[in-house]
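J.: First, the structure itself, so that you have it in front of you.
The values are calculated or read from the model by the stated rules, or taken from the named source; none is laboratory data. Everything numeric in this text was worked out from a predicted model, so none of it was measured. Glycine also receives a Cβ, built like all others from the backbone with ideal geometry; neighbour counts cover every protein chain displayed. These accessible areas exclude ligands, DNA and RNA; they are computed on the full protein's heavy atoms, side chains included. Shrake-Rupley method; radii C 1.70, N 1.55, O 1.52, S 1.80 Å.
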Amino acid sequence: MEFFTSSDSKRPIRLSAKIRRWAYESMHGKYGDEAMKTPYIEIEEENFNKLDDLDKYDIMITEIAKKAPIRVCEEELISGSATLGAAISHVIPAYHKGEKIFSSVSHLTIDYETALRFGMNFYEQKVADRLEDKGLSKRQIRFLKSLSNVISAMRIYHRRYLEKVKNIKPDIYRNLQQVPFQPARNFYEAVQCVWFIFSFVRLCGNWPGIGRLDVMLGDYLKRDLENGTLTIDRAREILASFFIKGTEWILKDTPPSSGDAQHYQNIVLAGTDKQGKEVANEVTYLVLDIVEELGISDFPITVRLHENTPERLLRKISKVMRHGGGVVAVYNETLILKALTAYGYPAEDAQNFANDGCWEVQVPGKTFFIYVPFDSLALLQKKTLDGYRKNDFSSFESLYGAYVSDLEDQVKEIYASVSQSFGGPQIDAPCSEWKTATPCSVVSLFERGCIEKARSYYEGGPEYNVFSPHIGGVADTVNSLYAIKKLVFDEKKITFAEFMDVLRENWQDNDILRSYANSLHYYGTDNEEVDKIYVSLLHDFFLACRKWDKRGNCFFPAGVSTFGREIAWAQNRLAAAEGTLGGEVLASNTSPSPGTDTEGVTAIIKSYCKADLSEMVTGAALDLKISPQALSGEGGITALKALLRGFVKLGGYFLQIDTVSAQTLRNAQQNPKQYKTLSVRVSGWNARFITLTREWQDMIIGRTEQNV
Amino acid sequence: MFNQSEGLSVLKIQRFCTHDGPGLRTTVFLKGCPLRCKWCHNPESQSLRSEFFYTPSLCIDCRICEKVCPNEAHEFKAKHEIKRDLCSGCMQCAKSCPAGALEMQGVRMSIPKILEEVEKDRAFYGKTGGLTLSGGEPTFQGENTILLLKSAKEHGLHTAMETCGYFDEKFILSLVKYTDLFLWDIKDTDKQRHRKYTGVSNRKIIENLFAVDRFGGKTLIRCIFLNGLNTDEKHIQKIAEIYHTLKNCRGVEIFSYRQYGESKYAALGVPYSGNKNWSVTLDHLKDIRKRFLALDVQCSINR
């Protein structure tokens, strides 16, 4: 019963053999195949097609609650399960005549805190109270009734669990009699409460993040430990159930994709509270204990770091990171708090930031979020340089100026499109004029603002409505601009017009020039000259977004991402001036382009941190792969800690480090069966390596592995 | 011998080193070494002169090297041939090679320039990390090496030095003054073998080590193990003796001979003198560590 590790240090054993076996079996597909046997509930309602959307939706949610299979694993200490396989496909798993009806919601973290402290009954009362308002429109009343229906459906589902566990699981039965409808009174109930809500929302097809689990649960555990009603070992087993249940979608044989069927949902740990005090508590360390032991990557964990992060925590993170799997990533909380408050979030909400289920930062339980990605490299190649038919730039400044102007147009286009999708025809205020959107009452219930405004998540209900343009291809755009600057304008190795010809011809018969272009020191090598272009590019992108910001209560903050789109984008890309051929898979997120990061990880972090990343409000991720050998022994721990401290000090935003050797990944490609539990960080999510398609696997292998 | 204005002969500067002293470090590899160890995996570090690597698979037959070489050391017949004996070390060829087939090994750098590189990673050093000098043999560049260490201390950097210990005793006092930790190689305690396999006697190395220790220099002994050559009990006991005699030695770090220098010998155009049978398995290293522990020696394995 081995859980994969990249490290030469063994994974510790703290959990009972029974729990470990359960984890092992879950991670090897024991329950995933079962979920696929019942992918969805069939709606048998006659005249279903004649109903309006919310009526359909309410029926679907009720039917799921009534009919979804109930699963209670023999070993589990908490109950609730997302047992319908179609939920993996981003749809509500209730179909009519075999056809899907509505898609579901992702990229948000819902509010668990209210249910924990006050119970679901509180929501029921709140909706009822809101319905008293005589000024509500018909549409608002209908929406609020749909929220009531969600609570009723959850009650049906909850009763089914109570019946199921009554005679077989007395502890769970006792807890479920209390939560989630009434407030949680202790740690065990609190874990059950969060899990029950999560699994119900997930069962209905949505992808809610978890948020700051240690902040939510820390006080409960502290009290129980002080009272002597719970031991730390028992608490670890309870919490482990939470994580193991998150692997219940792993199949025995997963068809290759961008990652297998996981719950995927992010957990945020540590960081400071309003008083600036570190919040890391025993729950923080228990979570890290569990993933250190089992290597479960299904709930990607991000730890909030700052300059005063305790040594104990930093050491623990480093130890977990060394095992690989991309289980733990880090935020630089100092920078993010600055970014959020400067952007205009009230300090209290900013302080509580988590993410959307990937790594884009948001205020949990209060935020509608979408991001709109675009490829800045294709923009340069196809628009500014007109497919390399342009030949009239006489200086680098004129080229860069033209590019920024195209960038501004691109951002404006994004604004116009989201404005039209979500709002009215007027470009100014998508969230003041709201269109009727796909029903989404389940998540709306848990987003603050929706009940108050009597508007759904998709209809401007949440307190914050965020549409974030995300720039992708940053490293390669910067490198291309730099290569043109060097080769054409500085060193005059070739004229602008000739260079365009070379690139249009995909470098054909120009090996020498191409080798020279390849040999320059690009983004990620701590080269001031190229990093200056990077700094300008991100700042100009920020300015372009700011023009459209906060119109009609809509946030339009900048961010950087590719989320694996570098694969899809490859075919749309021409040869690049940095020496790549058309169609190559290039840089991810804010990371350097593959093969250009010749100066080591510290140089990469230095380059990355030179931009004012606080202007990238929703995030700018850096992905690194470090060879396990570089991190072996005590020296490895010290080095990793130093890397993390430096990352914070220099002003990074988000860092994910994968500790795995390219050789191991190649072995896994050859012998997938032996590497069932080997996970890797893809982007904002983790995936079991063997469940990725060949293209995605090759992309991961291609990310330069930093050795010593 | 050296003029400071010419700076130091630097092979390379490597950032993010995790096993060359405490914390995260930048390692400056200086050229020149008084030893010629048969197992050396940095043969390009032995000579003080700049040299170049040649990797045939990268050569694109552009013949630029042939044009720029003042000494006709590059010839293109059936293939690219290099006459190293004609090379004056001007490095014009490597500087002009567009394909990276010719790669310059060694540049002269001034002390401020070296420290500028080292300063780049200051944010990562924290309280423990810093600069490590390696080589070659760092002391081979004598006064200039000491000036470099002195400047590094003035910059507030932690300084470590990997040394073979073979240097003029007149440097001892200043080395101790400016070096926070010596990573001190003891390649063999057997005199004959040492001379046979490294080209020099080990007497000076051991004497210098004791002298450095007397003046308060902190050391970590590093021992390469070569299977069948120095894996005998006597050698281990000798090291333990030395360790116990030292007052400021924090331990013994052991590692196996590694074969991976072989391609560099080819790229330099010199025959490889290592032997793959010298590799020591991890299990064997663990045994050796146990023997050290039994002799009350603080011992760790560096992989």
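J.: Could the peptides A:438-451, B:212-225 be put in order, highest first, of the mean number of other beta-carbon atoms found within 10 Å of their residues?
T.: A:438-451, B:212-225
J.: Please report how many Lys pairs in segment B:89-178 have alpha carbons closer than 29 angstrom, counting only residues at least 8 apart along the chain or sitting on separate chains.
T.: 17
J.: To continue, here is another question. Give the lysines whose C-alpha is closer than 25 Å to that of B:Lys276, dropping any in the same chain fewer than 8 places away, or say none.
T.: B:Lys38, B:Lys187, B:Lys191, B:Lys196, B:Lys234, B:Lys264, B:Lys286, B:Lys290
J.: Averaged per residue, what accessible surface does segment A:166-316 expose to a 1.4 Å probe, in Å²? All intermediate terms of the calculation are to be shown ahead of the outcome.
T.: Values: 4590 Å² over 151 residues.
Result: 30 Å² per residue.
J.: As a check on your grasp of the helix formula, calculate [θ] at 222 nm for chain A: sum -39500 (n - 2.57) over DSSP H runs of n ≥ 4, divide by the residue count, round to the nearest 500. Intermediate results must be reported in sequence, preceding the final value.
T.: Values: 26 runs with 309 residues, N = 708.
Rounded to the nearest 500, the figure is -13500 deg cm²/dmol.
J.: In a shell of Cβ-Cβ distance under 10 Å around B:Gly106, excluding B:Gly106 itself, what net charge do Lys and Arg (+1) and Asp and Glu (-1) give? Before the final figure, lay out each step's value.
T.: Values: positive: B:Lys12, B:Lys31, B:Arg49, B:Arg108; negative: B:Glu44, B:Glu51.
My count for the surroundings of B:Gly106 gives +2.
J.: Please calculate the 1.4 Å probe accessible area of A:Met1, with all protein chains present, and give it to the nearest 10 Å².
T.: 100 Å²
J.: Now, a different point. If one takes the accessible area of chain A alone plus chain B alone and subtracts that of the pair, with a 1.4 Å probe, what total in Å², rounded to the nearest 100, results?
T.: Values: alone 25150 and 14680 Å², together 37920 Å².
The A and B chains share an interface burying roughly 1900 Å².
J.: Let me ask something else about it. Which value in nm describes the separation of the simple spin-label points at B:Leu293 and A:Ile13, placed 7 Å from the Cα toward the beta carbon?
T.: 2.0 nm
J.: Now a separate question. How large is ³J(HN,Hα), in whole Hz, for each residue of segment A:651-660 in order, when computed from phi with the Karplus curve 6.51 cos²θ - 1.76 cosθ + 1.60 and θ = phi - 60°, using x for Gly and Pro?
T.: Running phi through 6.51 cos²θ - 1.76 cosθ + 1.60 with θ = phi - 60° gives x, x, 10, 9, 10, 10, 10, 9, 9, 7 Hz.
J.: To the nearest whole number, what is the average tally of beta carbon atoms from other chains within 10 Å of the beta carbons of peptide B:123-133?
T.: Values: counts 13, 14, 4, 6, 2, 4, 4, 0, 0, 0, 0.
Across the residues of B:123-133, the mean count of other-chain Cβ atoms within 10 Å is 4.
J.: In terms of modelled amide H atoms, which long-range or inter-chain residues lie less than 5 Å from the amide H of A:Ser468?
T.: Distant-sequence amide H within range of A:Ser468: A:Ile370, A:Tyr371, A:Val372.
J.: At 1.4 Å probe radius, can you tell me the per residue accessible area of segment B:70-169 in Å²? Present the calculation step by step, with values, prior to reporting the outcome.
T.: Details: 4280 Å² over 100 residues.
Per residue, segment B:70-169 has an accessible area of 43 Å².
J.: Along the Cα-to-Cβ line of B:Glu169, 7 Å from the Cα, sits a label point; which residues in segment B:186-207 have backbone N less than 13 Å from it?
T.: Residues passing the 13 Å test: B:203-207.
J.: While we're on this one: For a protection proxy built on the mean count of beta-carbon atoms within 10 angstrom, sort A:265-276, B:258-269 highest first, please.
T.: On the way: A:265-276: 19.7, B:258-269: 15.6.
Listed from highest to lowest mean packing, they are A:265-276, B:258-269.
J.: Tell me, what is the 1.4 Å probe accessible area of A:Val648, in Å² to the nearest 10?
T.: Roll a 1.4 Å probe over it and A:Val648 shows about 10 Å².
J.: Work out the mean other chain Cβ neighbour count within 10 Å for the residues of A:605-617 and drop it here as an integer. Please list the in-between numbers first.
T.: Details: counts 4, 5, 0, 0, 1, 0, 0, 0, 0, 0, 0, 0, 0.
Taking the mean over all residues of the peptide, I get 1.
J.: Next question. Of all accessible surface on the protein assembly as shown at a 1.4 Å probe, what whole percent is carbon and sulfur?
T.: On the way: 18430 of 37920 Å².
Carbon and sulfur: 49 percent of the exposed surface of the protein assembly as shown.
J.: What do you get for GluC sites (Glu not before Pro) in segment A:104-181 restricted to DSSP loop and a cutoff of at most 13 other Cβ within 10 Å of the site's Cβ?
T.: Working: sites: A:Glu113, A:Glu124, A:Glu132, A:Glu163; in loops: A:Glu132.
For GluC sites (Glu not before Pro) across segment A:104-181 that sit outside H, G, I, E and B with at most 13 neighbouring Cβ atoms in 10 Å, the list reads A:Glu132.
J.: Count neighbours as other Cβ atoms within 10 Å of each site's Cβ, and list the GluC sites (Glu not before Pro) in segment A:475-518 that are DSSP loop with at most 15 such neighbours.
T.: Numbers: sites: A:Glu491, A:Glu498, A:Glu505; in loops: A:Glu491, A:Glu505.
Sites meeting the loop and neighbour criteria: A:Glu491, A:Glu505.
J.: Let me ask another. When DSSP assigns beta bridges and you keep just the ones with both residues in chain B, what percent turn out antiparallel, to the nearest 5? List each step's numbers first, then the result.
T.: Values: 15 of 41 bridges.
Taking every DSSP beta bridge within chain B, about 35 percent pair in antiparallel fashion.
J.: DSSP loop GluC sites (Glu not before Pro) in segment B:18-91 with at most 16 other Cβ atoms within 10 Å of their Cβ, which ones?
T.: Details: sites: B:Glu44, B:Glu51, B:Glu66, B:Glu72, B:Glu75, B:Glu81; in loops: B:Glu72.
Here the GluC sites (Glu not before Pro) that fit, given the DSSP loop and packing criteria, are B:Glu72.
J.: Then there's this: Using just the helices of chain B, give the 222 nm mean residue ellipticity in deg cm²/dmol: DSSP H runs with n ≥ 4 each add -39,500 (n - 2.57), and the total is spread over all residues, rounded to 500. Before the final figure, lay out each step's value.
T.: Values: 11 runs with 96 residues, N = 303.
So the calculated ellipticity at 222 nm is -9000 deg cm²/dmol.
J.: Please list the helices of chain B that count as membrane-span-like by this rule: a mean Kyte-Doolittle hydropathy of at least 1.6 together with Cα atoms stretching 24 Å or more along the helix axis, each helix being a complete DSSP H run.
T.: Working: long enough: none.
Going by DSSP H runs, there are no hits.
J.: Excluding same-chain residues fewer than 8 positions from A:Lys169, which lysines have a Cα within less than 24 Å of its Cα?
T.: Counting by Cα, and skipping residues close in sequence, A:Lys169 has these lysines nearby: A:Lys18, A:Lys30, A:Lys66, A:Lys67, A:Lys245.
J.: Spelling out what I want: for every residue of segment A:181-186, take phi, set θ = phi - 60°, compute 6.51 cos²θ - 1.76 cosθ + 1.60 (Karplus), and round to whole Hz; glycine and proline get x.
T.: 6, 10, x, 6, 10, 8
J.: Roughly what % antiparallel, to the nearest 5, for the DSSP beta bridges in chain A?
T.: On the way: 13 of 50 bridges.
Here the antiparallel bridges make up roughly 25 percent for chain A.
J.: Mind checking the mean number of beta-carbon atoms from other chains within 10 Å of the Cβ atoms in A:648-658?
T.: Working: counts 1, 4, 2, 1, 0, 0, 0, 0, 0, 0, 0.
Across A:648-658, the average partner-chain Cβ count within 10 Å equals 1.
J.: Moving to a separate point now. Under 18 Å between C-alpha atoms is the cut-off here; go through segment A:564-708 and count lysine pairs that meet it, provided they're at least eight residues apart or on different chains.
T.: Working: A:Lys606/A:Lys625; A:Lys606/A:Lys641; A:Lys606/A:Lys649; A:Lys610/A:Lys649; A:Lys625/A:Lys641; A:Lys641/A:Lys649.
Taking segment A:564-708 as the scope, the lysine pair count is 6.
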